[in-house]
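The block underneath contains the structure these notes are about, expressed in C-alpha cells.
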Amino acid sequence: MIEYGQQEQDRVILVGLDTGEEKEFEHSMEELKSLAEACNKKVVGIITQRAPEIHKAFYIGVGKVEEVKEFARTREATEVVFDNALSPSQIRNLVKELDLAVSDRTNLILDIFATRAQTREAKLQVETARLKYMLPRLVGMRESLGRQGGASGSMSNKGVGEKKLELDRRKIEHRISELEKELSNIASNRMTQRKRRDASNIPQVALVGYTNAGKSTLLNHMVDLFCKREEKKVLEKDMLFATLETNVRYIETGNHKPFYLADTVGFINKLPHSLVKAFHSTLEEVLYADLLLHVVDFSDENYKQHMAVTADTLRELGAGDIPQIVVYNKADLCGVTDFPVVKEGASFASGHSDARNPVIYLSARDEQSVRGLVRLIQQIIYAKNIDCTLRIPYDRGDIVDYFNRYATVEGREYREDGIVMQVNCREQDASKFEMYLLRDDT
Ligand SMILES: Nc1nc2c(ncn2[C@@H]2O[C@H](COP(=O)(O)OP(=O)(O)OP(=O)(O)O)[C@@H](O)[C@H]2O)c(=O)[nH]1
Ligand SMILES: [Mg+2]
C-alpha cells in the first residue's frame, strides 16, 4: 500500500527512565521529542518507567523491554530512542532483544549538529565528536544497522567480523587523530585573531545560554543599530542549535566605549561531554570574556532549569567565575510591560557569594531594550574608568589617536611641550601610558 503525502521517515518510540533524580523528567522527555523531530523522525509513541535504578544490562527493566518490543510492533516503529546516554553494552543488548535500531539522546544531538554545521571547523568538530562516540559502540551499531537492513551475522562469520571490526576501529582512530591535527591548526589561527583583540585592550563580552534563548537575535539587533554592514549578521531561527560557531562582532556605539561581542553555540540539558570537548576551542571565546551575557528565554516555563544547565556547562568549561548579566529575554511574551527593566540580581550562582549579577528583563526584538542592555554592559565593563590628565608629545599622534578612539576626551589644550588631554579612560590605559600622566596640579 502506498500512503500519499507522507515522506518516508524513521518511526521512533521514545523511552525514558524516571529514577526520581531528575527534577524535570517530563520536560526532558518533551525536549527529546523536539530533538527527534529536529532529526526529521516521526515520534509514534513514548514509554516511560519509574524505577530507582538504571538496569545495568538494558537500562530499563527486563519486563519493560518486552513492553517496548510489543508497543514498537503495534506502532510499526523502526527505531527506539532513549533519553539518556546508553553504554555500549546496553545498546548491544537492546538491539538484540528489540530487533530494532537503538539510539539515544546523545546520538540525536550529534545528528542535529552534523546537519547544522556550516563552517569547516564546526564540521570537523562534529565529526570528531561523532567518531569518539561511535568508537566503543561499533559492535552494537553494526548490529543495529544490520537489523535495519534485515541482514544478520552468522556465527561462522564471527572471526571475519572481528577482524573487520578491528580494522574499522583503527581507521576511526586514525581519522580522529587527523581531524584533531587539522582542528588544532584552525584553533591556533583563531588564537592569533584573539591575541590581536586582546592587544587592542578592548573589553570582550560573550553571549551564552540555552539553545533558542535569543542570543543571535540580540547580536543581530546590536549589529543593526551600531554596525553599518549588513553581512555581519548571523543566523537567528526558531530551532534547536541554530548557531554552531562562534561569531565575534565589534560594537561601537559612538561614546568611545566599544566592546567585542561573541555569539556562541547554545547549551542543552545532557549536552554530550564529547561535544563540549569537541567545541572547547570554539567556546574558548567564553573563557576569555570579561563579561558574560547569560541569555534566558523567560517565556519558557522551564527557564530555571535552563539556567541551571547553563551554569553547569559554564563551570564545566571553567567559565563559572566570570561576571554575568542575566538577560531575561522574550519579555514581550510574558506580559511584562515597560521593559527593559534593570534589577540587582541574586548572588552569583558560582564562586563569589558577594558578587551580584545585574539582571535585565527585555526583548531582543525591541530597540529600547537593546540600547538599555548596551548601556548596562558599558557601565560594567568601563566601571573602572578613571579621570586623568596626560601630556602627549606632538610626535606621538598615535597615542592621541588611541585616546580619541578608546576614551572619552573631556578637554584638550595645545601647549608648547605637547597636547594636554583630560580623559576618562580605562585603568589599564592610564597605566599603559603612565609616563605621560600629569598630576592634577601640573
Ligand atoms: N517573541 C520574541 N521572540 C524572540 C525574542 N528573541 C528571540 N526570539 C526568537 O527566538 C528564536 C531563537 O532565537 P535565536 O536568536 O536564534 O536563539 P539562539 O539563542 O541564538 O539559539 P541557538 O543558536 O540555537 O543557541 C527566533 O525565532 C527569534 O526570532 C524576543 O525577545 N521575543
Ligand atoms: Mg544562535
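The values are calculated or read from the model by the stated rules, or taken from the named source; none is laboratory data. This is a predicted model, so every value here is computed, not measured. Here Cβ is always computed from backbone atoms with ideal geometry, including for glycine, and neighbour counts include all displayed protein chains.
Quick rundown of the values:
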read-out: Qualifying positions in segment 103-127 - among the hydroxyl-bearing types (Ser, Thr, Tyr) and touching a strand residue (DSSP E or B) at 6+ places or on another chain (Cβ under 6 Å); value: Ser103
read-out: Single condition Val359 does not satisfy, out of (1) surrounded by fewer than 17 Cβ atoms within 10 Å (Cβ to Cβ); (2) modelled with pLDDT of 90 or more; (3) of a type outside the set (D, E, K, R); value: (1)
read-out: Residue list for segment 236-252, filter: closer than 30 Å to Thr106 by Cα and either in contact with a His (Cβ under 7 Å, 6 or more places away or on another chain) or free of Cβ contacts under 8 Å to residues at least 60 places away in the same chain (or both); value: Glu236, Lys237, Asp238, Thr243, Thr246, Asn247, Val248
read-out: Long-range neighbours under 9 Å by Cβ, at least six apart or interchain, first residue not assigned by TED's automatic domain parsing to the domain that holds Thr246 within segment 278-291, second in a helix (DSSP H, G or I); value: none
read-out: Failed item in (1) farther than 15 Å from Gln125 by Cα; (2) assigned by TED's automatic domain parsing to the domain that holds Pro323, with Thr243 passing the rest; value: (1)
read-out: The one condition in (1) out of contact with any strand residue (DSSP E or B) (no Cβ under 8 Å at 6 or more places or on another chain); (2) without any contact (Cβ under 8 Å) to a residue 60 or more places away in the chain that Gly45 fails to fulfil; value: (1)
read-out: Residue, farthest from Glu21 (Cα to Cα), within segment 293-320, restricted to residues that are over 12 Å from the mean Cα position of the chain (by Cα) and polar (S, T, N, Q); value: Ser299
read-out: Selection count where residues are more than 30 Å from Pro258 (Cβ to Cβ) and either more than 25 Å from the chain's Cα centre (by Cα) or of a type in the set (A, V, I, L, M) (or both), scope segment 179-199; value: 2
read-out: Extreme residue, nearest to Leu376 (Cα to Cα), among residues of segment 310-333 that are within 16 Å of ligand 2 (Cβ to nearest atom) and in a helix (DSSP H, G or I); value: Thr310
read-out: Answer residue from segment 212-267, given it is polar (S, T, N, Q) and part of a helix (DSSP H, G or I) and is farthest from ligand 1 (Cβ to nearest atom) among those; value: Asn220
read-out: Answer residue from segment 315-355, given it is of a type in the set (D, E, K, R) and on the phi > 0 side of the Ramachandran plot and is modelled with the lowest pLDDT among those; value: Asp338
read-out: Residue count for segment 268-286, restricted to those that are at pLDDT 80 or above, within 14 Å of ligand 2 (Cβ to nearest atom) and assigned to a loop (DSSP other than H, G, I, E, B); value: 1
read-out: Residue among Gly214, Gly254 that alone is surrounded by fewer than 20 Cβ atoms within 10 Å (Cβ to Cβ) and either under 17 Å from Asn329 (Cα atoms) or not β-branched (Val, Ile, Thr) (or both); value: Gly254
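Yes or no, residue by residue, for (1) assigned by TED's automatic domain parsing to the domain that holds Glu285; (2) at pLDDT 90 or above; (3) more than 16 Å from ligand 1 (Cβ to nearest atom); (4) in a helix (DSSP H, G or I):
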| site | (1), (2), (3), (4) |
| --- | --- |
| Glu166 | no, no, yes, yes |
| Glu173 | no, yes, yes, yes |
| Ser177 | no, yes, yes, yes |
| Lys181 | no, yes, yes, yes |
| Ile186 | no, no, yes, yes |
| Asn189 | no, no, yes, yes |
| Arg194 | no, no, yes, yes |
| Val205 | yes, yes, no, no |
| Gly209 | yes, yes, no, no |
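Conditions (1) within 16 Å of ligand 2 (Cβ to nearest atom); (2) over 24 Å from Ile322 (Cβ atoms), marked per residue:
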position	(1), (2)
Ile172	no, yes
Pro203	no, no
Asp238	yes, yes
Thr243	yes, no
Gly254	no, yes
